[in-house]
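The values are calculated or read from the model by the stated rules, or taken from the named source; none is laboratory data. In this text, all values refer to a predicted model and were calculated from it rather than measured experimentally. Here the Cβ positions follow ideal geometry from the backbone for every residue, glycine too, while neighbour counts run over all protein chains shown. To get the accessible areas, we keep the full protein, side chains included, count just its heavy atoms, and leave off ligands, DNA and RNA. Shrake-Rupley method; radii C 1.70, N 1.55, O 1.52, S 1.80 Å.
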Amino acid sequence: MEPWLAAHLPVPDLALDAVRSVQRAAARAGRRPDGAAGPADLAPLDPARVAAGFASDRVLRLDGEPVPGFAPLSGFFRTADGWVRTHANYPHHRARLTDLVALPDDVGRDAFAERLAGLAAHDLEGQAARVGAIVARVRTEQEWRESAPGLAAASGPLVRVRVRDGGEPGAGAEPGAGPRPGAGPRPGATGRHLAPGPAPHAVADGAAPLAGVRVLDLTRVIAGPVATRTLALLGADVLRVDPPDPAEIGWQHLDSGQGKRSTVLDLRDDRDHRTAQDLLDSADVLVTGYRPGAIEGLGLRVPPGVVTGRVSAWGDEGPWAGRRGFDSIVQAASGIALLEGRDGVPGALPAQALDHASGYLLAAGIVDALVQRDHDGLGRDVSVSLARTAAWLLDLPGRDPLHPAAAAPSGSGPDDGPGVTVTHAGVTTARPVLPGYDDYPHPAHAWGTDAPGWRSRGGQRT
C-alpha cells in the first residue's frame, strides 16, 4: 500500500485491519444455510482500493476538480506557548470560534492567526470546550498517554457492545469476534431474520447479507456516514435524517452518501419529531454521531430489539466524554500530529484515517449485533470512538519516521481509467473497499430530497 498512505505511523495496517473486520462480519451474516461462506466472502483485499477509500476526499472530483477540504479557520495555529488545532468547517463552529477570541465572523486567516499567537493553548482549549467551539492543544504522545482523557481513551475494547432488553451488559468485543451465545429468539421479538436477498451490486452469488434491514442514519461528517454507507453496500435500506440547519457540507455528502436516501426533519417541530419516532419504531438499526446522552436529549425513544450504533470523538468515559471533536482534533490532542510533523511543527496523517477506520469498525460491530439479535431477539448498543481508534494506531508496531511522501492511489487520476474510482454525472468517488463490490447501489441522492419513509421489500416506500 506504500506510498499511498505513507506516514510515520502504520496507517496501511490500520486501514486493512479495519476493513477486514467488516469483511469477516459480512461473511458471518451472509453464510448459506449449510454454513459455507460465499466465494467472495474472504477474498484478498485490494490495497489500492482500501487506500483510495481512506483517502476519499483526496480522490473526490466534481466535474474533474478537487474539493477545497478544510475551511480557512480550520488548521494548526501557533500560540504563545505551543500549537493548537481548530475545526471551523461548519458555520456554527466558526461563529463560536471567532466569538471565543473576540473577532468578527468574517475575519481572515492571517488576522485570526495573529490573535491566537498571543494566547495560551491550554486556556484556548478549555474555554473552547465551555462554549462549544472546537480547539485542541497539540500534545506529545507521552503527555496524552499520561493524561486523564488519554488514559480513558485507551481503555476497553475497540468496539464496545452492551446488551439491552434485560440481557446482561456486555463488556465489549474486539472486531472480528464471534457471536455471543444466545438463548434463541424470544416470543414476539422484533428482530428480522437476515435472509439473503437480491442486490445487483453485490457479490457474484447475489447474497446481500443485510437485505431487509432498515437503518436510521443520524450521522454527519465521515465516521458515521462511512459506517452507514457500508451497511447500505451490504443491502440495508439506509435513510439518513438531517436537521434543516446547518445543511451538510455538499461535497462531504457526495463522498459518503452513496447507497442511502436523504431526508430532512426538524426534531424541534412536533410533527417532524413524531415522524422520526415512527421511523425509529420500525427500524432495525439506529446509527448516531452524537455525544453520549444526546439522543435522550432529543426526546427519541429507542424501541426494544433495535441495534444502536454510535461514534463519538472521545468515548463514553473520562473527563472529555462530553466534548466535541473530529479526526483532526483527536490527532492533535493524542500526539499523532507531532509524530507526523517535522522539527516541532505539527502535521497530519495522509487521510482522515481515524474517521474511516472507526466507521468500518462500527459497521462490523453493528452487523455482528444483528446476527446475534437474530438468535436471541435482544437489542444491543454498539459504540466506537475516534480516540480509542487513535490509541490502537499508536500501539501498532511498524513505525517509519523515514517514510516517503504520501501520494494519491494509482488509478485515481482523471486519465487513469476505472482503477479505484467510479464516476457518475460528473462526480468521481472512491469505489467500495470490500472485494466483490465494484460500486455502491447508487450514487448519493441530492441532500434532503427523499421522503421520510422506509422501502418495502418490493422497493416501495412505507
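Numbers for the structure displayed
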{"quantity": "Nonlocal amide H pairs with Gly309, under 5 Å, H built at 1.01 Å", "calculated": "Leu286, Val287, Thr288, Val382"}
{"quantity": "Accessible carbon and sulfur surface of the stretch 287-360 relative to its total accessible area, %, 1.4 Å", "calculated": "48"}
{"quantity": "Amide H partners (placed H, <5 Å) of Arg431, local residues excluded", "calculated": "Thr421, Val422"}
{"quantity": "Summed side-chain charge close to Ile222 - residues other than Ile222 whose Cβ falls under 12 Å, Lys, Arg +1, Asp, Glu -1", "calculated": "-3"}
{"quantity": "Karplus-derived HN-Hα couplings along the stretch 73-81 (A = 6.51, B = -1.76, C = 1.60, θ = phi - 60°), whole Hz, x at Gly and Pro", "calculated": "8, 9, x, 8, 9, 6, 10, 5, 9"}
{"quantity": "Selection from Gly322, Thr263, Gly305, by position along the positive dipole direction of the stretch 252-324 (Cβ)", "calculated": "Gly322"}
{"quantity": "Per residue accessible area in Å² of the stretch 283-424, where ligands, DNA and RNA are left out and the probe is 1.4 Å", "calculated": "33"}
{"quantity": "Accessible area in square angstrom per residue, the stretch 1-135, 1.4 angstrom probe", "calculated": "43"}
{"quantity": "Pairwise centroid distance, computed over Cα atoms, of the stretch 87-121 with the stretch 342-386, Å", "calculated": "31"}
{"quantity": "Under Karplus coefficients 6.51, -1.76 and 1.60, residue-wise ³J(HN,Hα) of the stretch 263-274 in Hz, glycine/proline x", "calculated": "9, 10, 9, 9, 5, 7, 8, 4, 5, 5, 5, 5"}
{"quantity": "Magnitude of the charge dipole, the stretch 1-160, Cβ model with Lys/Arg +1 and Asp/Glu -1, debye to 20", "calculated": "540"}
{"quantity": "Cα lying deepest toward the dipole's positive end in the stretch 8-144, options Ile134, Leu116, Gly30, charges on Cβ", "calculated": "Gly30"}
{"quantity": "Mean Cβ count within 10 Å, highest first, over the residues of peptides 17-23, 69-75", "calculated": "17-23, 69-75"}
